[in-house]
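Working notes, beginning with the structure itself.
The values are calculated or read from the model by the stated rules, or taken from the named source; none is laboratory data. Bear in mind that the values here come from a model prediction, so they are computed numbers and not experimental data. Neighbour counts are summed over all protein chains in view; Cβ atoms, including those assigned to glycine, are modelled from backbone coordinates with ideal geometry. In case anyone asks, the SASA skips ligands and DNA or RNA and just uses the protein heavy atoms, side chains included. Shrake-Rupley method; radii C 1.70, N 1.55, O 1.52, S 1.80 Å.
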Amino acid sequence: MTAAIAHYNFAYLDEQTKRMIRRAILKAIAIPGYQVPFASREMPMPYGWGTGGVQVTASIIGPDDQLKVIDQGADDTTNAVSIRAFFAKVANVATTTHTSEATIIQTRHRIPEETLKTGQILVYQVPIPEPLRFLEPRETETRKMHALEEYGLMHVKLYEDIARHGRIATTYAYPVKVEGRYVMDPSPTPKFDNPKMHRSQALQLFGAGREKRIYAVPPFTDVVSLDFEDHPFEIQHFDEPCALCGAEGVYLDEVILDDHGGHMFVCSDTDFCEDRRNHGHRGKLAGHPLEAAE
Amino acid sequence: MSIVDTDEPLLKVQNLSKYFGSRVGCADVSFELWPGEVLAVVGESGSGKTTLLNCVSTRLEASAGTAEYRMRDEKFRSLFDLSEAERRFLMRTDWGFVHQNPADGLRMTVSAGANVGERMMATGDRHYGHIRSTAIEWLGRVEIAEDRIDDQPRAFSGGMRQRLQIARNLVTHPRLVFMDEPTGGLDVSVQARLLDLLRGLVTDLGLAAIVVTHDLAVARLLSHRMMVMKDGRVIEHGLTDRVLDDPREAYTQLLVSSILQV
C-alpha cells in the first residue's frame, strides 16, 4: 500500500460528524422551515464558499449517488467545479452536469429550470439563514419571534420596499412561509425560483456553515411567498428570450459583450441551455453549428 | 377630563414588590386603575417609579404581589401568569408603552409609516393601501406632516420622534398606555405641545394611562390621580389636585415646594 495521499474517510467528514448532521437534517425535515442548530465543522474551504452545503452533501451522499453542483445556475464556475472535484476525490462518486441524472444537486443561489422529481435532493448553500436578521439583530429575539410566530416585522420590510420603490423591490432571498408556519429565507436565490419550491417533489435541504444552521423543506410542502393583498408576489419577467437557446420563461443572466453597451441575455442554467441547443433550439446569437460551417 | 363610568377597574395591582438582591426596587405597591383614567407616579430619581412601571407592564418579573388585568373579553387575568405569547400579544394590541428615549420604542432604520404600520402588520393586516392610509391618518393626529411618512425617525427632531412613538403605540387602539417620562429631554415649548397632544388623545380615545414622571407639572396636566413614591414605597396617594395643592406627607410637601417658580 502506498500512502501517497492522506486517507480520508468516505466523503471527508468522520462518521460521528455525519451522524450529528443527519440528526439535524431529520429534525429539520420534521419541522419544515425551522432552523436547526448543528455543530458546523471546519471544512477545507473558506466560510462563504458553501461549507454548509458541503457538510450536508457529505452527510447524505452514498457511493451510488450522482452529484451535480451548480453555482448561480452554472456547472462550470469555480465554486461548482471545485466542489464537484472535491466529492469526486473524497467520495469517489459519479458526477454529472445533467439535472435529470443527478440524485443530489448542490446549489448556490439557483434552482434548476428542469422540474425536479421524486428521489432527487437539492442542497442549498446558505450564507444567512435568518430571514429577520437585518430587521432584528438579536438572535435571542428572532428565535422568540419564530417560536411565537410573530412575523409582522417581515412585512415591515416589504412595506418599506413599496413605500420607497412603488413595488416590492426584493428580488432575491425573498421570504417565504413554509407549511403555514415558519418564515424562511430561501437563500439568495432569485425570487423567480420561489414558485419552484412550492410542493416540489424533491427534498430541499439548506445548510449554513458559518451560521451553523440546517433547515429543510420536505417534498410536497407548501411554500408561499409573503406579500400584500394589493401588492401580490410576482416573479421577474424578461423582455427577450435567451440569446443562445431562445428559451422563454426562464431566468436569464445579462452578459456584457463589449464596452459600447453591447450585451446579451443567456440562460443562467447552463445545463438547461446546452440541452436545448443540443435539441436544435437556436437563439439570435447562437451562431451556426460546426457542421454547417464546414 | 371625564372619567368613564364603569363598575370595574381595568387593572388591579396588589402588594407588588420587586427586589434586586437585597435592594428594594419597589415594595408593597397596591392600586387600581379604571378605564379612561390617568394615574401619575411621581417621585425623585431612584424612588422605584420605573421599576414599578416595568413590573406592571410585565417587562420585569415582580418578586411578589399580583396584578390582574381585565382583558377585552371582560375577564380578569393575572398578568404574571400569562404565557409569553399572550403577554406579547397584549403588548402589541391592548397596551402601549411610550419610552423616555424614543429610540427605545421606535425602529430607527425604517420609515415613519412602517413604524406606525408595524403593529397593524403584526396583527394580520396585509393590505398595503389600508396600512398606509391609517399611518397617514395617525401621523396627522400627532401633527407630523404627511410628506414625512417615508422619512426615517433618524431624520426627526426629538419632539417629532416622541410624537411618532405615540402614534405607533396608539394605532391598534390600546386601552392602557404606559408612559415613562414621556416629556423627558424635550425643551419646554415642545413639552407643552406634546402634553397638549397627549391630553387630547387620552380624552378622545378614553385611554387609561400610567405616567411615570418626576415633573409635577406634567402630572398636574395629564393625570387624574397621583401616587408619590419614595424609596420604593408609595407614601401618598390621591387626586392630583388634592396631592399638589394640599400635600400631607412631609416629603410630598418638599417635592411640591421644590418646583421652580419662574
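Yes/no matrix, rows are residues, columns are (1) more than 14 Å from chain A (Cβ to nearest Cβ); (2) open to solvent by less than 50 Å² (accessible area, probe 1.4 Å); (3) under 26 Å from A:LEU158 (Cβ atoms); (4) of a type outside the set (Lys, Arg):
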residue	(1), (2), (3), (4)
B:HIS130	no, no, yes, yes
B:TRP138	yes, yes, yes, yes
B:ASP150	no, no, yes, yes
B:MET160	yes, yes, yes, yes
B:ARG168	no, yes, yes, no
B:HIS173	yes, no, yes, yes
B:GLU181	yes, yes, no, yes
B:ALA192	yes, no, no, yes
Residue under question is B:PHE76, and the condition is that it be more than 8 Å from every other protein chain (Cβ to nearest Cβ), at pLDDT 90 or above, in contact with a strand residue (DSSP E or B) (Cβ under 8 Å, 6 or more places away or on another chain) and exposed (fewer than 15 other Cβ atoms within 10 Å of the Cβ); does it hold? yes
Any residue that is farther than 18 Å from A:LEU122 by Cα, within 14 Å of another protein chain (Cβ to nearest Cβ), open to solvent by 10 Å² or more (accessible area, probe 1.4 Å) and not β-branched (Val, Ile, Thr) - is there at least one of those in segment A:215-225? yes
Only unsatisfied item for B:ALA62, checking (1) away from chain A (no Cβ under 14 Å); (2) out of contact with any strand residue (DSSP E or B) (no Cβ under 9 Å at 6 or more places or on another chain); (3) of a type in the set (A, V, I, L, M, F, W, C), is (2)
Out of (1) open to solvent by less than 20 Å² (accessible area, probe 1.4 Å); (2) within 14 Å of chain B (Cβ to nearest Cβ); (3) among the small types (Gly, Ala, Ser), the one A:GLY166 does not meet is (1)
For B:GLU86, the lone unmet condition from (1) in a helix (DSSP H, G or I); (2) open to solvent by 10 Å² or more (accessible area, probe 1.4 Å); (3) away from chain A (no Cβ under 14 Å) is (3)
Counting only helices (runs of 4 or more DSSP H) wholly inside segment B:197-262, the ones holding at least 1 residues that are open to solvent by 10 Å² or more (accessible area, probe 1.4 Å) and without any contact (Cβ under 8 Å) to a residue 12 or more places away in the chain are B:240-245, B:250-257
Note: among B:ALA40, B:ALA64, just one is surrounded by 17 or more Cβ atoms within 10 Å (Cβ to Cβ) and more than 25 Å from A:GLU149 (Cα to Cα), namely B:ALA40
Picked from segment B:91-107 (must be in contact (Cβ under 8 Å) with a residue 24 or more places away in the chain and in a helix (DSSP H, G or I)), the residue farthest from the chain's Cα centre (by Cα) is B:ALA103
Scanning segment B:89-98 for residues that are of a type outside the set (Val, Ile, Thr) and either surrounded by fewer than 14 Cβ atoms within 10 Å (Cβ to Cβ) or in contact with a strand residue (DSSP E or B) (Cβ under 6 Å, 6 or more places away or on another chain) (or both) gives B:TRP95, B:GLY96, B:PHE97
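Residue-by-condition table, conditions (1) open to solvent by less than 10 Å² (accessible area, probe 1.4 Å); (2) of a type in the set (Asp, Glu); (3) away from chain B (no Cβ under 14 Å); (4) under 12 Å from A:PHE233 (Cα atoms):
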| residue | (1), (2), (3), (4) |
| --- | --- |
| A:GLY152 | yes, no, no, no |
| A:TYR182 | no, no, yes, no |
| A:ASP185 | no, yes, yes, no |
| A:PHE192 | no, no, yes, yes |
Given the conditions (1) of a type outside the set (Phe, Trp, Tyr); (2) within 14 Å of chain B (Cβ to nearest Cβ); (3) surrounded by fewer than 23 Cβ atoms within 10 Å (Cβ to Cβ); (4) assigned to a helix (DSSP H, G or I), every one holds for A:LYS177 apart from (4)
Here the residues within segment A:112-150 that are away from chain B (no Cβ under 14 Å), open to solvent by less than 30 Å² (accessible area, probe 1.4 Å) and hydrophobic (A, V, I, L, M, F, W, C) are A:LEU116, A:LEU122, A:VAL123, A:VAL126
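Within segment B:108-118, which residues are outside any loop (DSSP other than H, G, I, E, B) and either more than 7 Å from every other protein chain (Cβ to nearest Cβ) or in contact (Cβ under 8 Å) with a residue 60 or more places away in the chain (or both)?
Initial filter on segment B:108-118 (outside any loop (DSSP other than H, G, I, E, B)): B:112-118.
Answer for segment B:108-118, where residues must be outside any loop (DSSP other than H, G, I, E, B) and either more than 7 Å from every other protein chain (Cβ to nearest Cβ) or in contact (Cβ under 8 Å) with a residue 60 or more places away in the chain (or both): B:ALA112, B:ASN115, B:VAL116.
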